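Comments concern the structure below.
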Amino acid sequence: MNRKDEFSQIIRTERHRLDLTQQQLGAKVGVSDSYIAHIEGGLKTPSLDIAMALSDVFGYTVPQQRALLDALDAARVRRSERRIRVRGRAIRDALRTLEHGGSGAIVLLDADGGLAAGTIPTSGRRPQELTFSRDGERVAGTDGEGTTTVWDVVREERLQSIEGVGGGPVAVALSGDGGRLVTASDLGRLVRWDVDTAQPDGEVEVGDSPLVSVAVSADGEVVGAGDEAGRTLLWRAGETRIRWQTDPRPGGISRLLFSPDGEILAAGEDGGGIHLFRVDTGSAATSMEQADGVSALAFSPDGDLLASGDPSGEVSLWDSETGQRLRSLKSRDGITHLAFTADGVTLFALDEGGTVTAWDTRTGKVRRTFELDITQYATSALSPDGRRVAAFDAAAAGAGDYDPDRIARDLASDRQLLEAWRDLRTALGRPEMRDAVLTALRAFAHSTG
């Protein structure tokens, strides 16, 4: 039996042995059918009381109960290790940003061969994450201080700087032509902006849970958002309330993406789940599950394929209609962006280390690979058509220094950094997890230098 899926597999096997549906098993232990589905999918680890109730339903002996609880403890350790890996990357990103003092510039490169294609001065703005419009002609990034900037890739100049409202933006997305910008804040507010005027033309409050991801349809009229509680939400511009939202799921919604026809919203979770929802109703179309958190998503131009990437560097190709995994590919480092070429034959991946890899989707063979030639590599983006890379090089336009007071403010306001510290304190305080966590930390320190 695969150790990784042992607990969830036990529950699934025993339910089938007793010929029970998920709803029937849930009724017997006092939980919902969706809760049982989450347990069997490895998305939830139940409390001790629920685990004992399950063992009673299964008619377990004392030795069997102990084996079940051992499997539950192992599942909890793995989930905590996964959370710590995700939070650890937040620490690394924060420290990288502080390390790379200077005004910097966005360097443009040809994704097919890595050749330089231009440079956009950032005038002191230090984007923490970049995102392209679908046509690849505009790129946006938030600097972590409440300001989002949009740059013109063709003319290599700044178009607009927009000050956030209702909390600084934690995620941004551009419409297909770059004319509309959507910001998601940690105070649970979505705002759509007219890029040309830098004025808001719609906003909505979505709840108390901080937003962590956002996507906008090609026409800029439909917005998808994901929050820290694991909910996926849909808002139509011009409306004063959310159109629909899903139930909370374990882990935050790390990535969102609309299908090319705008009829499907794909949501990727920190825990590895991928769920496709119908935009018009919010009903589930299909679901997939990968081993690690979802760090990148891309639809093929015809919408038939969905590519997903994870922090370990694995890329999966899925049939978007059936949810079947068609192929697994491997990059050198954690995947940050994915993009298909216009014919859908080539898939580009950009990873955390600045390596671009191109695969033939029909054979899985690597067509080419190159590394970004960036002096102080901080963050980057891949255009949706796979033609261009934009990377922020902190050393490209001179150097500067952060003063100690500003460093202290930045670290103290970094929510992900504080959550990482909370997770570590909790994990290190539990004897059964301490060794596993220390091992993970040593591996993380080694991998990041």
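Numbers for the structure displayed
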read-out	value
Relative contact order for segment 106-393, counting Cα pairs under 8 Å that sit 6 or more residues apart, in percent	14 percent
Stretchable slack from Val345 to Arg430, in nm (0.36 nm times residue separation minus alpha-carbon distance)	25.7 nm
Integer Hz, Karplus 6.51/-1.76/1.60 couplings in order for segment 203-213, x for Gly and Pro	7, 8, 8, 10, x, 7, 6, x, 7, 10, 8
Sorted peptide list for 340-351, 223-234, criterion being average Cβ within 10 angstrom, highest first	223-234, 340-351
Pair Gln9, Ala291: separation of 7 Å Cα→Cβ label points (nm)	1.4 nm
Distance between modelled label sites at Lys330 and Asp302, nm, 7 Å Cα→Cβ extension	3.0 nm
Cα-projected label distance for Glu163 with Asp219, points at 7 Å along beta-carbon direction, nm	3.4 nm
Neighbour-count ranking [beta-carbon atoms within 10 angstrom, fewest first] of His275, His16	His16, His275
Computed over segment 226-273: relative contact order in percent, which uses C-alpha pairs under 8 Å that are six or more apart	34 percent
Efficiency of FRET between Val154 and Leu69 - r from beta-carbon atoms, R0 51 angstrom, step 0.05	0.25
Length released on extending from Asp194 to Ser312, taking residue separation times 0.36 nm less the Cα-Cα span	38.8 nm
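Values quoted throughout were computed directly from the atomic coordinates according to the rules given, and no laboratory measurement underlies them. This structure is a prediction, so every number in the text was calculated from the model and none was measured. Here the Cβ is made from the backbone with ideal geometry for all residues, glycine too, and neighbour counts use every protein chain on show.
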